[in-house]
Amino acid sequence: MVMKAIPAGAVSALDIGTGDGLLAAELRTVLADVTAVDLDLGVLTRAAAEHRDINWVHGDVMSLDFDRTFDVVASVATVHHLSSLTNALRRFADLTSPGGVLVIVGLARAASLRDHVKGVLGIVQHQWYSRTRNVWVHSAPTAWPPPHTYREVHDCAVEVLPGVAWQQFGMWRFALIWQRPVLETVAPAR
């Protein structure tokens, strides 16, 4: 999903909550400038040993000063670990260059019958994949249940990221894709 969203002409990416660095490494195959950030120094050290051509940054994305923006900002399974969804979306948007794209894949809590049905179908799908394919086990801590419902994530994203595309998947997953406008209009000062 992240790779398909990369805009034409993009050269830089930020992988937020990179963990084992799999997405950062994949981004580096098509982008010259990739930065990956995570709070876990041990996992970053292991990832950096395998991929030396990525800028590995240890710290909290919410407070780090990157002193720049990125053509692609990606966050997979991270936003539910952050204390404020609204602040996280605003911060990620601020790190996205004009014309760049923000892609978030996250976890949300089921609250409606439809959400629960999708969750169960996702479990069945996951079981089938687990039996027929190799399953990668991540090193990140598990935060369960997610703090926000699908509806809460959707409504927050629509408010903070005008024009955001929203998708809901099985197994409590969602995706947000937002392209920062090239020219943003600013209301005149009064």
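The values are calculated or read from the model by the stated rules, or taken from the named source; none is laboratory data. Just so it is clear, the structure is predicted and the values come from calculations on it, not from any experiment. Neighbour counts run over all protein chains shown; Cβ positions are idealised from the backbone, glycine included. To get the accessible areas, we keep the full protein, side chains included, count just its heavy atoms, and leave off ligands, DNA and RNA. Shrake-Rupley method; radii C 1.70, N 1.55, O 1.52, S 1.80 Å.
Looking only at residues in the range 1-15 that are touching a helix residue (DSSP H, G or I) at 6+ places or on another chain (Cβ under 7 Å) and under 17 Å from residue 179 (Cβ atoms), the one that is most open to solvent (accessible area, probe 1.4 Å) is 3. Residues in the range 48-64: is at least one at pLDDT 95 or above, within 14 Å of the chain's Cα centre (by Cα) and either aromatic (Phe, Trp, Tyr) or under 23 Å from residue 157 (Cα atoms) (or both)? Checking the range 48-64: at least one residue is at pLDDT 95 or above, within 14 Å of the chain's Cα centre (by Cα) and either aromatic (Phe, Trp, Tyr) or under 23 Å from residue 157 (Cα atoms) (or both). When residues in the range 27-52 are screened for being of a type in the set (Asp, Glu) and open to solvent by 90 Å² or more (accessible area, probe 1.4 Å), 1 of them pass. Considering the range 64-74, and only residues there that are out of contact with any helix residue (DSSP H, G or I) (no Cβ under 9 Å at 6 or more places or on another chain) and either hydroxyl-bearing (Ser, Thr, Tyr) or part of a strand (DSSP E or B) (or both), the residue that is surrounded by the most Cβ atoms within 10 Å (Cβ to Cβ) turns out to be 70. Note on the range 37-68: residues that are closer than 14 Å to residue 21 by Cβ and aromatic (Phe, Trp, Tyr) total 1. Go through the residues of the range 25-35 one by one and say whether even a single one is among the hydrophobic types (A, V, I, L, M, F, W, C), under 16 Å from residue 104 (Cβ atoms) and in contact with an Asp or Glu (Cβ under 8 Å, 6 or more places away or on another chain). Yes: one or more hits.
Check the range 92-109 and report whether any residue there is in a loop (DSSP other than H, G, I, E, B), open to solvent by 10 Å² or more (accessible area, probe 1.4 Å) and within 25 Å of residue 146 (Cα to Cα).
Here is the first cut: in the range 92-109, the residues in a loop (DSSP other than H, G, I, E, B) are 95, 108.
Filter once more, so that each one left must be open to solvent by 10 Å² or more (accessible area, probe 1.4 Å): none.
Checking the range 92-109: not a single residue is in a loop (DSSP other than H, G, I, E, B), open to solvent by 10 Å² or more (accessible area, probe 1.4 Å) and within 25 Å of residue 146 (Cα to Cα).
Looking across the range 16-26 at every residue that is within 22 Å of residue 82 (Cα to Cα) and among the small types (Gly, Ala, Ser), the one that is surrounded by the most Cβ atoms within 10 Å (Cβ to Cβ) is identified as 24. Considered as a group, the residues in the range 151-174 that are open to solvent by less than 20 Å² (accessible area, probe 1.4 Å) and modelled with pLDDT under 95 include one that is farthest from residue 73 (Cα to Cα), and that residue is 153.
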